[in-house]
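Notes for the one structure printed next.
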Amino acid sequence: MELLKHDLAHEFPQHLEKMRELRATDAHFARLFAEYDEDNRAVTQYEQGHAALGDEALELLKKKRLKTKDEIYRRLQRD
């Protein structure tokens, strides 16, 4: 089974420039971006079988990643 790419460049390709700008100028956005990236890497590792994690813990991690992505999207919609 091919896994979907969930990195922010694939999630929001129309906002690449704005994400670069906000990462450089907005500390909170940069922290959110890093948090999402870290969680996404962890989910990918578990889904590809490179690490072990229970189903419930994986679902919690995915929900956390989604919550962070939602906040990032809201910040991208400003302006």
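The values are calculated or read from the model by the stated rules, or taken from the named source; none is laboratory data. Here the structure is a predicted model, which is why all the values come from computation and not from measurement. All Cβ positions, glycine included, derive from the backbone under ideal geometry; neighbour counts span all protein chains shown.
The single condition among (1) on the phi > 0 side of the Ramachandran plot; (2) modelled with pLDDT of 95 or more that residue 79 does not meet is (2). Within segment 57-79, being within 13 Å of residue 19 (Cα to Cα) and touching a Phe, Trp or Tyr at 6+ places or on another chain (Cβ under 8 Å) holds for 69, 72, 73, 75, 76. Looking at 15, 6, which is the one that is out of contact with any Phe, Trp or Tyr (no Cβ under 8 Å at 6 or more places or on another chain), surrounded by 10 or more Cβ atoms within 10 Å (Cβ to Cβ) and modelled with pLDDT of 95 or more? Result of the check over 15, 6: 15. Might you let me know whether segment 35-54 holds any residue that is in contact with a Phe, Trp or Tyr (Cβ under 7 Å, 6 or more places away or on another chain), among the aliphatic types (A, V, I, L, M), free of Cβ contacts under 8 Å to residues at least 40 places away in the same chain and surrounded by 15 or more Cβ atoms within 10 Å (Cβ to Cβ)? Yes, the conditions are met somewhere in segment 35-54.
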